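Written below as structure tokens is the structure these notes are about.
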Amino acid sequence: MTDKTLYTVTVYSENQVGLLNQISIIFTRRQLNIESLSVSASAIEGVHKFTITTYSDRETMKKLVKQIEKRIDVLRAFFYTDDEIVFQEVALYKVPTDKLLDDKHIEELVRKHNARILEVNRIYTVIEKSGHTDETQALFEELSRYEVMQFVRSGRIAITKSTVEHVSLFLQEQQYRQNQL
Amino acid sequence: MAKEKISGAEALIRALIAEHTEYIFGYPGGAIMPVFDVLYHYRDQISHILVRHEQGATHAAQGYARVSGKTGVVIVTSGPAATNIITGLSDAMMDSTPLIVITGQVGSSLLGSDAFQETDVVGITQPVTKWSYQIRSSEEIAWAVARAFYIAGNGRPGPVVLDIAKDAQTGLTEFGYRPCQFIRSYNPYPAIKAAEIEAAAQLINQAHKPFILAGQGVILAQAEAELAELAEKADIPVGCTLLGLSAMPTDHPLYKGMLGMHGSIASNIKTNECDLLIAIGMRFDDRVTGDVNRYARQARIIHIDIDPSEFNKNVKCDVSVLGDARAVLQALLPQVNPARHTEWLESFAACEEVERIKVIEPEIHPQKPLMNMGEVARKVSEATGNDSILVTDVGQNQMLSARYYRFKRPRSIVTSGGLGTMGFGLPAAIGAKIGCPDRTVCFFTGDGGLQMTIQELGTIMQYGIDVKIILLNNNFLGMVRQWQALFFDHRYSETPMLNPDFTQVAAAYGIAGERVTSRDELNNAISRMLAHHGAYLLDVQIDPDGMVFPMTPAGACVTDIMLNATEKY
Ligand SMILES: Cc1ncc(C[n+]2csc(CCOP(=O)(O)OP(=O)(O)O)c2C)c(N)n1
Ligand SMILES: [Mg+2]
């Protein structure tokens, strides 16, 4: 149980009510903590994509994705290590404007972290940064000296480096099967 | 001309009829009344069996499904009725039994408001169903029922819940029923891969000491003939899981007994001696494997199953073959070479001889006045020409009836394997008799389990259902007592039971019966029970010190077998 890796699970499903619950209980039953989760449309019309990260080992992940695929409305499920995907997160930081203005380094900070300022008013400033967790965390730590009033990081989103689109292939196979009927 | 519109409730019943549903097991209530009202009008086309508790409806539908191969249908109301079906759903999920359970639900405008008898049915049933869906408009009913039948009965079967809001039952809809033939996200019968078949055939052709483990998947796929053909062609001994019993006739020379904790000595010992295990439609439950780290480590393993999530779940396999057991075996058979494994097969005899002398003889021909469960089971089996359907409850009565019953044809055992549900048996026996009216149904139960669903005697009375109830009465929660005797230094914590006179209870329901206290009366009592037209309760007084052997303790190695309380194999 020691060598735990962060895995990214992607699940492609039909757009059915209650699927998130079905998927999350599969994690819970195996005592897997969901580190982050995001749900969105996919490139395929009508197909939803879940991106979930969790610390685990390869054997557990193999079983996990099969259990997920067993749910009727799930098309396919996969798991990846970080080197197999391009991934990103977005973080938002709300900081008191007066403290930012008092500091000479604010421009340097924004530039260095490749961050953006989304909104400024007399009370607060909202900064946005996208990147990997360690990067958004680094900015959080630097901003902490001005006091961070609110901080939020999105779930990971990921795209595979593979040159084969497995879900599209699956859908083609299914289409063929339907045509045979 | 505009199409005729009917209520959602009527659409439901018509959809069930379109799927050839003959029986519904159910219980009415507020949120499902529109459906029961329609049922009244269709009572000449579809029969409803009013059970006495919704749990009983689910188990009866399971019994019906298991013996007939059809999908069992249950209709109950919302709230407490829906929570009463959870045990049956879990049981059907574990034991791959096709069920459609329809629950009433409060009106859609009240959903989420903690309305009277509202329960989050989809939320609580999702983990124990193959599919669970809430219907909020009458338009969806035909689609959802069609999908439910497709999902429940195809691939690896399982339970499906349809939770129908009350306004979806009363709302009007056009009705046109089309059975479901395709779901984009679900392929119940994956195409068989030639490479997997070849790899499996190669292992079989190379094996010197092969052993087949047959599970319920063989029965569900109706692959019994192919199983026998494979075993005979390549001369391979066969062991069956509890749910796989009757997949091969008990007297087949290659049949080597039940697997697992209380299985035959030979099948467990040989699991750890064979050079190839061929697992067909079984899932390596821990009651079969014992300690997986010491399970068949010397053997190559072929795992044939229709559910890909079973591969490498509990036991790692060398070759997995995905597909319906029958289709896989048909593809495999031409590639399997005829073979003889005489020496290997003869080696089973030593184990069998030990089991006969140390376990079977003392169980069925005991040298003591008190009766054993095994001797009763064997006598009833023989008195029915070994051709009746065995339904069991859970506990010692289950294991000993499963061990000593004999089977001639498939679908002859109905038992709760994966969940081990006490109280399963009586309602399941009702369903089994309805599903197979031409066969004798013998239901073996314990004094504990019988009382968990004893109210179903009322159902037996109302519909005149002819089930033979053999109560193996030890006045104890026997299986728990056995563990207390073996592993808890005989501290019988909360296992003795003060029981009613069960024959009087039966008599109150108009069910004939008698109590048997001595061996001399047993044969005649069994004859009277079988000759009687209608249900019969045989209350057989059993030695409370009796135990089920052989036994591989939970978590031990399959070869770590107790022959009795003091001797090991
Ligand atoms: C619903 C349920 N509760 C508890 C158990 C645990 N349990 C397994 S066997 C058993 C004893 C059964 O006693 P009885 O029905 O008299 O059968 P016997 O073992 O004596 O044949 C118990 C309590 C169970 N399997 N199911
Ligand atoms: Mg008992």
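The values are calculated or read from the model by the stated rules, or taken from the named source; none is laboratory data. Everything quoted here is computed from the prediction, not taken from an experiment. FYI the Cβ positions are ideal-geometry reconstructions off the backbone, even for glycines, and counts take in every protein chain you see. Remember, those area values only see protein heavy atoms, side chains included, never the ligands or the DNA or RNA. Shrake-Rupley method; radii C 1.70, N 1.55, O 1.52, S 1.80 Å.
If I filter the stretch A:126-140 for residues that are within 30 Å of A:ARG30 (Cβ to Cβ), among the charged types (D, E, K, R) and open to solvent by less than 70 Å² (accessible area, probe 1.4 Å), do I get at least one hit?
No.
Give the residues of the stretch B:534-569 that are in contact (Cβ under 8 Å) with a residue 40 or more places away in the chain and not in a loop (DSSP other than H, G, I, E, B), sorted by residue number.
Listed by number, the residues that qualify are B:TYR536, B:LEU537, B:LEU538, B:ASP539, B:VAL540, B:GLN541, B:ILE542, B:MET551, B:CYS557, B:MET562.
Do the conditions hold for B:ASP466, that is, is it in contact with a Gly (Cβ under 8 Å, 6 or more places away or on another chain) and of a type in the set (D, E, K, R)?
Judged against the criteria, B:ASP466 is a match.
Kindly indicate which of B:MET452, B:MET422, B:MET461 is out of contact with any helix residue (DSSP H, G or I) (no Cβ under 8 Å at 6 or more places or on another chain) and within 24 Å of B:MET94 (Cβ to Cβ).
Working: B:MET422 fails: out of contact with any helix residue (DSSP H, G or I) (no Cβ under 8 Å at 6 or more places or on another chain); B:MET461 fails: within 24 Å of B:MET94 (Cβ to Cβ).
Being out of contact with any helix residue (DSSP H, G or I) (no Cβ under 8 Å at 6 or more places or on another chain) and within 24 Å of B:MET94 (Cβ to Cβ) holds for just one of B:MET452, B:MET422, B:MET461, which is B:MET452.
Anything in the stretch A:46-60 that is assigned to a strand (DSSP E or B) and within 14 Å of chain B (Cβ to nearest Cβ)? List them, or say none. Write out each step before concluding.
The initial filter retains those residues of the stretch A:46-60 that are assigned to a strand (DSSP E or B), namely A:47-56.
Within the stretch A:46-60, A:VAL47, A:HIS48, A:LYS49, A:PHE50 qualify.
Scan the stretch A:1-13 for residues that are open to solvent by less than 20 Å² (accessible area, probe 1.4 Å) and either within 14 Å of another protein chain (Cβ to nearest Cβ) or on the phi > 0 side of the Ramachandran plot (or both) and jot them down. Quick ask: steps written out before the conclusion?
The initial filter retains those residues of the stretch A:1-13 that are open to solvent by less than 20 Å² (accessible area, probe 1.4 Å), namely A:7-11, A:13.
If the condition is that a residue be open to solvent by less than 20 Å² (accessible area, probe 1.4 Å) and either within 14 Å of another protein chain (Cβ to nearest Cβ) or on the phi > 0 side of the Ramachandran plot (or both), then A:VAL11, A:SER13 are the ones that fit.
Checking A:ALA43 against (1) in contact with a helix residue (DSSP H, G or I) (Cβ under 9 Å, 6 or more places away or on another chain); (2) without any contact (Cβ under 8 Å) to a residue 12 or more places away in the chain; (3) surrounded by fewer than 22 Cβ atoms within 10 Å (Cβ to Cβ); (4) within 14 Å of chain B (Cβ to nearest Cβ), which single condition isn't satisfied?
With respect to (1) in contact with a helix residue (DSSP H, G or I) (Cβ under 9 Å, 6 or more places away or on another chain); (2) without any contact (Cβ under 8 Å) to a residue 12 or more places away in the chain; (3) surrounded by fewer than 22 Cβ atoms within 10 Å (Cβ to Cβ); (4) within 14 Å of chain B (Cβ to nearest Cβ), A:ALA43 is out only on (4).
Just to verify a result, which residue in the stretch B:351-374, among those that are open to solvent by less than 30 Å² (accessible area, probe 1.4 Å) and more than 16 Å from ligand 2 (Cβ to nearest atom), is nearest to the other protein chains (Cβ to nearest Cβ)?
Filtering the stretch B:351-374 down to residues open to solvent by less than 30 Å² (accessible area, probe 1.4 Å) leaves B:351, B:355, B:359, B:363-364, B:366, B:371-374.
Still in the running and more than 16 Å from ligand 2 (Cβ to nearest atom): B:351, B:355, B:359, B:363-364, B:366.
Values: B:CYS351: 34, B:GLU355: 36, B:VAL359: 37, B:GLU363: 39, B:ILE364: 42, B:PRO366: 45 Å.
Filtering the stretch B:351-374 for residues that are open to solvent by less than 30 Å² (accessible area, probe 1.4 Å) and more than 16 Å from ligand 2 (Cβ to nearest atom), the one nearest to the other protein chains (Cβ to nearest Cβ) comes out as B:CYS351.
Assess whether B:VAL74 counts as being crowded, with 18+ Cβ neighbours inside 10 Å and closer than 25 Å to B:ARG156 by Cβ. Break it down stepwise before answering.
Working: crowded, with 18+ Cβ neighbours inside 10 Å: yes; closer than 25 Å to B:ARG156 by Cβ: yes.
It is true that B:VAL74 is crowded, with 18+ Cβ neighbours inside 10 Å and closer than 25 Å to B:ARG156 by Cβ.
Taking A:ARG122 and the conditions (1) open to solvent by 60 Å² or more (accessible area, probe 1.4 Å); (2) in contact (Cβ under 8 Å) with a residue 24 or more places away in the chain; (3) assigned to a strand (DSSP E or B), which numbered condition does it fall short on, given that it satisfies the others?
The one condition A:ARG122 does not meet is (3).
For B:ARG403, only one of the following conditions fails: (1) farther than 30 Å from B:THR566 by Cα; (2) of a type in the set (Lys, Arg); (3) buried (at least 24 other Cβ atoms within 10 Å of the Cβ). What is its number?
With (1) farther than 30 Å from B:THR566 by Cα; (2) of a type in the set (Lys, Arg); (3) buried (at least 24 other Cβ atoms within 10 Å of the Cβ) applied to B:ARG403, the lone miss is (1).
I'm told A:LEU109 meets every condition in (1) exposed (fewer than 12 other Cβ atoms within 10 Å of the Cβ); (2) away from every other protein chain (no Cβ under 14 Å) except one. Can you identify the failing condition by its number?
Unmet condition: (1).
So B:PRO427 fits all but one of (1) touching a strand residue (DSSP E or B) at 6+ places or on another chain (Cβ under 6 Å); (2) away from ligand 1 (no atom under 12 Å from the Cβ); what number is the exception?
(1)
Within the stretch B:495-533, count every residue that is open to solvent by less than 40 Å² (accessible area, probe 1.4 Å), in a helix (DSSP H, G or I) and over 25 Å from B:MET461 (Cβ atoms).
The qualifying residues number 1.
Collect the residues in the stretch B:279-337 that are within 14 Å of another protein chain (Cβ to nearest Cβ), in a strand (DSSP E or B) and small (Gly, Ala, Ser), keeping them in residue-number order.
B:SER320
Here is a yes/no grid of residues against (1) within 27 Å of B:ILE183 (Cβ to Cβ); (2) of a type in the set (Ser, Thr, Tyr); (3) within 14 Å of chain A (Cβ to nearest Cβ):
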{"position": "B:VAL101", "(1), (2), (3)": "yes, no, no"}
{"position": "B:SER108", "(1), (2), (3)": "yes, yes, yes"}
{"position": "B:GLY112", "(1), (2), (3)": "no, no, yes"}
{"position": "B:THR125", "(1), (2), (3)": "yes, yes, yes"}
{"position": "B:THR129", "(1), (2), (3)": "yes, yes, yes"}
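Can you tell me which residue is farthest from the other protein chains (Cβ to nearest Cβ) among those in the stretch B:417-441 that are crowded, with 24+ Cβ neighbours inside 10 Å and within 16 Å of ligand 2 (Cβ to nearest atom)?
Looking at residues that are crowded, with 24+ Cβ neighbours inside 10 Å and within 16 Å of ligand 2 (Cβ to nearest atom), I get B:LEU426.
Select the helices (runs of 4 or more DSSP H) contained entirely in the stretch B:87-206, then report the ones holding at least 2 residues which are open to solvent by 10 Å² or more (accessible area, probe 1.4 Å) and within 20 Å of B:GLU54 (Cα to Cα). Step through it out loud before you land on a result.
On the way: elements: B:121-125, B:141-153, B:166-170, B:194-206.
Passing ranges, in order: B:121-125.
I'd like to know if the stretch A:161-172 contains one or more residues that are closer than 17 Å to A:VAL9 by Cβ, away from chain B (no Cβ under 14 Å) and exposed (fewer than 11 other Cβ atoms within 10 Å of the Cβ).
So far as the stretch A:161-172 goes, yes, one or more of its residues are closer than 17 Å to A:VAL9 by Cβ, away from chain B (no Cβ under 14 Å) and exposed (fewer than 11 other Cβ atoms within 10 Å of the Cβ).
If I filter the stretch A:14-40 down to residues being within 9 Å of another protein chain (Cβ to nearest Cβ) and in a loop (DSSP other than H, G, I, E, B), which single residue comes out as surrounded by the fewest Cβ atoms within 10 Å (Cβ to Cβ)?
Ranking the qualifying residues of the stretch A:14-40, first place goes to A:VAL17.
Name the residue that is farthest from ligand 1 (Cβ to nearest atom), counting only residues in the stretch B:437-494 that are acidic (Asp, Glu) and in a helix (DSSP H, G or I).
Filtering the stretch B:437-494 down to residues acidic (Asp, Glu) leaves B:438, B:447, B:456, B:466, B:489, B:494.
Now restrict to residues that are in a helix (DSSP H, G or I): B:447, B:456.
On the way: B:ASP447: 4, B:GLU456: 15 Å.
Here the answer is B:GLU456.
Mind telling me which of the residues B:ASP120, B:ASP91 ends up being of a type in the set (Asp, Glu) and closer than 24 Å to B:ILE389 by Cβ? Steps first, please.
On the way: B:ASP120 fails: closer than 24 Å to B:ILE389 by Cβ.
Result of the check over B:ASP120, B:ASP91: B:ASP91.
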